[in-house]
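Pasting in a structure now, in structure tokens, and then I'll have a few things to ask.
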């Protein structure tokens, strides 16, 4: 059993418990141990991506350094955490001035310079487990289900730093959907923004954005939508006004692996 | 004792504004061997050259140094002047005090000091210059044109007209290139086929022109006036000499589901095919990836149908070798792949097409017989959105940094043709800028806007969303009205950026010519030598050198032909005498030089040597073919024993320059 350091993030402790628990249960079933560092903090959400701000990136560096000390790759699952941590890791390995400032502030035993490999849970499935191997372990294939993957804006962009998939024509979630036995629905709005935090200030705007996504997926014949992002989940479920079901991808993974009943008890 | 003259040029104010030219002349007059040191306003002018010539005669000079612009600019001018005054032209040295000094410095004292140092280095070198004599090399009176599009055809026709044999090598089964796929041409809207196909026929019928279709250049050796080129005639499984182009085989071929390249994959062709009705040569070709006989061994219908017995399933690729005096590159362009621009849904909706696909959809010989129908449901489109600059003027690696130049005009043409033929169809064009310089070009675009009411909107399309009702939701911004737009379109047409053909880069390596970062061939001088490459004897025709429309391509094709004819007219050409030579006594036969020589100018031979102990030994030593050597100097650097030396740039000369600079 291979062990990875696992960063759940704060939303996964309250609003997005499903995303977290199904992820852990599925990983175990796939022979992967996810170990949470003892003292992680909130990644700060997407606000931390301001280039000139150091303090908001420290929490990301702490968890990256913690994985480095444990000598393991780091796994994230929430789109926003993944975005913040990977971008911070990318910047610190390339921007000597930022690295110097961060390290001066943190006073670690050995300075952190971007040594940790970061996987999104989907990348873990694709690159470590392998979608072919995953398919073999599926006991309850979701045959006949037409599933629309919703990437949102944070999961793949900026493409250079996140290096996960082509942001304009991604395939990773569609390949995942095929692996769990369902049929992916390709629709144009799958990589557009759901409105994100704008829902706090201008609910109508977020409603318009998320309705567009849901309508487009439904129009192309989707039975349901999957996402990796708690904020997208919120906007699509609560703001879009659409009846189309929205799930975390980990929930369907757990279902396909036959784990769904026991997972969130 | 050497008698050296120094001549410092002001170049108007180009040099004199930052370099104290009188101080430079004065400082250099004290260098060893310098007997005269002068300055003058324009040394390259007639009176400036006379000053140099007179000084050579008056002071009986044995070498001269010109402190002026880059040797690329005027070395030849001063060599000629020296020769006219009776001094060997290779006893002239140029100190570049313009590009490498006055233009890059602001401070007069610094620039003057540096000019003096550069002058001293040139004086030190000229002391060691030896008189060199150029050899003559014969010119093969035959030209090769690589690429059979409109550029290659025009170049070949012009060269043949001048009386020289010319071969066209075209990788497709027919000549004609992109222009053959185009429906109408801007700004006159005459039909492309009507002006191109007669030229194709003319090329085929001209007894001086030899077309190698379905062929590729695989190797180039030699040098200006005497290239040896290997051409691979790919197996087309049909005997070209027997096939009459009757087309019966293509009608009877049972394999009818092959994507038709000529129609951009919008319909199908058979496995044995003639690309289009006016193809030249009109000869069938078998596609071995689809032919049932070739794949399964069961079929042979075409062979049975062919009354002249031209089908040959066992045909092999054939290599032919030919000698040429000049080579013209006319490899053309292709639209870029759009897989990185999926916001326009190109790979998800058949109704999102490229402009070249639209040409075929509108062409009378195209998949719909010239009626514009949506590819998805063959219905008449009522709203069409054009998106310009897809991949052009792009600031990241998704696209190209340059303007593809032809898109504004062909989009205006498409918009106008659609409005003319289908007045009930609304046409929108999204643009960053409309760029229409060219004779009668802007008038053409104004007509599209004013007479045909095409909706030109400044702004870019952000997203194209295919909907289940078959329509496309086009989301865009109108930058002038500052508003978001949603247009319900039936079709979206993308003006994809153009890029050089993929065969261009390996070809450039074979030809030892230069390319820019975008793989366009680099001309010898952007203004004054636009159709020559920096490699002697290689000329550039058409879009391989940069994006071009048809009028410009034809103009450049004829210009390239004129340059090639100028070369072919000569019986012999003067070779550069600054070539490598091997000191056989020092050569240890290691082959390092042979490995680095890009021109294949070095060979090894076994020679008999008399050894110090009066015995005779056979040693393997390098020898340089001076007719092939281009004087690049790679071998002199690679040689571990210092046996290789470059005439005119010998190791001792370079070291003398370095010593003079470091003193």
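FYI, it's all coordinate maths here, none of it is from the lab. Quick caveat, the model's predicted, so the values are computed rather than measured. Note: ideal-geometry Cβ built from the backbone for every residue, glycine included; neighbour counts use all protein chains shown.
If I take R0 = 41 Å and measure r between the Cβ atoms of residue B:80 and residue B:323 in this structure, what FRET efficiency does the formula 1/(1 + (r/R0)^6) give, to the nearest 0.05? Kindly include the intermediate steps, with their values, before the conclusion.
Working: r = 31 Å, r/R0 = 0.75.
Efficiency, from the Cβ-Cβ distance: 0.85.
Residue B:239 to residue B:377: extension gain in nm, 0.36 nm per residue of separation minus the Cα-Cα distance? Could the numbers behind the result be given before it?
Values: separation 138, 0.36 × 138 = 49.68 nm, distance 4.07 nm.
Length gained between residue B:239 and residue B:377: 45.6 nm.
Calculate, for residue A:127 and residue B:604, the FRET efficiency according to 1/(1 + (r/R0)^6) with r their C-beta to C-beta distance and R0 56 Å; round to the nearest 0.05. Don't skip to the answer; put the middle values down first.
Values: r = 52 Å, r/R0 = 0.92.
After rounding, the FRET efficiency stands at 0.60.
Then there is this: Taking 51 Å as R0, compute the FRET efficiency from the Cβ-Cβ separation of residue B:620 and residue B:308 and round it to 0.05. Numbers along the way, then the final one.
On the way: r = 56 Å, r/R0 = 1.10.
So, using R0 = 51 Å, E works out to roughly 0.35.
Taking the alpha-carbon centroid of each part, what is the distance from the stretch B:191-228 to the stretch B:588-663 in angstrom?
40 Å
Sticking with the crude label model, points 7 Å out along Cα→Cβ, report the distance from residue B:106 to residue B:446 in nm, one decimal please.
According to this spin-label approximation, the distance is 4.5 nm.
Report the antiparallel proportion of the DSSP beta bridges in chain B as a percent, rounded to a multiple of 5. The partial results should precede the final answer.
Details: 56 of 105 bridges.
Expressed as a percentage, antiparallel bridges in chain B total about 55.
How would B:637, B:329 line up from fewest to most surrounding beta-carbon atoms within 10 angstrom? Please report the intermediate quantities before stating the final value.
Values: B:637 13, B:329 28.
Neighbour counts put them in this order, fewest first: B:637, B:329.
Which value, in nm² and rounded to one decimal, describes the direction-averaged projected area of the C-alpha convex hull of the stretch B:32-73?
On the way: hull surface 13.3 nm².
Mean shadow area of the hull around the Cα atoms is 3.3 nm².
Give me B:341, B:441, B:649 sorted ascending by neighbouring Cβ count inside 10 Å, so fewest comes first.
B:649, B:441, B:341
From the Cα gyration tensor of the stretch A:127-167, with a ≥ b ≥ c the square roots of its eigenvalues, which class applies: rounded if a/c is under 1.5, or else prolate if a/b is larger than b/c, or else oblate? All intermediate terms of the calculation are to be shown ahead of the outcome.
Working: a/c = 4.42, a/b = 1.66, b/c = 2.67.
Oblate is the answer for the stretch A:127-167, as a/c is 1.5 or above yet b/c matches or exceeds a/b.
Where the centroid of each part is defined by its Cα atoms, how far is the stretch B:259-322 from the stretch B:32-98 in Å?
Their Cα centres are 64 Å away from one another.
Among DSSP beta bridges lying fully in the protein assembly as shown, give the percent that are antiparallel, nearest 5.
45 percent
Take peptides B:572-578, B:167-173 and line them up by average Cβ neighbours within 10 Å, highest first, as a rough protection proxy.
Values: B:572-578: 15.9, B:167-173: 23.0.
Result, highest mean first: B:167-173, B:572-578.
Please arrange B:544, B:403, B:291 by counting, for each residue, the other beta carbons lying within 10 Å of its beta carbon, fewest first. Kindly include the intermediate steps, with their values, before the conclusion.
Details: B:544 30, B:403 16, B:291 21.
Sorted ascending by nearby Cβ count, the order is B:403, B:291, B:544.
Separate question: Roughly what percent of Cα-Cα pairs across the protein assembly as shown reach past 45 Å? The partial results should precede the final answer.
Numbers: 222234 of 430128 pairs.
That tail contains 52 percent of the Cα-Cα pairs.
Taking the highest mean first, how do the peptides A:109-119, A:135-145, A:24-34 order by number of other beta carbon atoms within 10 angstrom per residue?
Values: A:109-119: 17.0, A:135-145: 13.4, A:24-34: 18.6.
In descending order of packing, they fall as A:24-34, A:109-119, A:135-145.
Another question, if that's okay. Using only Cα atoms, find the angle between the long axis of helix B:550-568 and the longest principal axis of chain B, and express it within 0 to 90 degrees, rounded to the nearest 10.
Roughly 40 degrees between the two axes.
So for the stretch B:114-236: antiparallel DSSP bridges make up what percent, rounded to the nearest 5? List each step's numbers first, then the result.
Working: 10 of 19 bridges.
The answer is about 55 percent antiparallel.
Across peptide A:184-192, what mean number of C-beta atoms from other chains lies inside 10 Å of a residue's C-beta? Before the final figure, lay out each step's value.
Working: counts 0, 0, 5, 6, 14, 4, 0, 3, 5.
Counting other chains' Cβ atoms within 10 Å and averaging over A:184-192 gives 4.
A follow-up question, please. Could I have the simple spin-label model distance between residue A:110 and residue B:421, label points 7 Å from Cα toward Cβ, reported in nm to one decimal?
Label at residue A:110, label at residue B:421, 6.9 nm between them.
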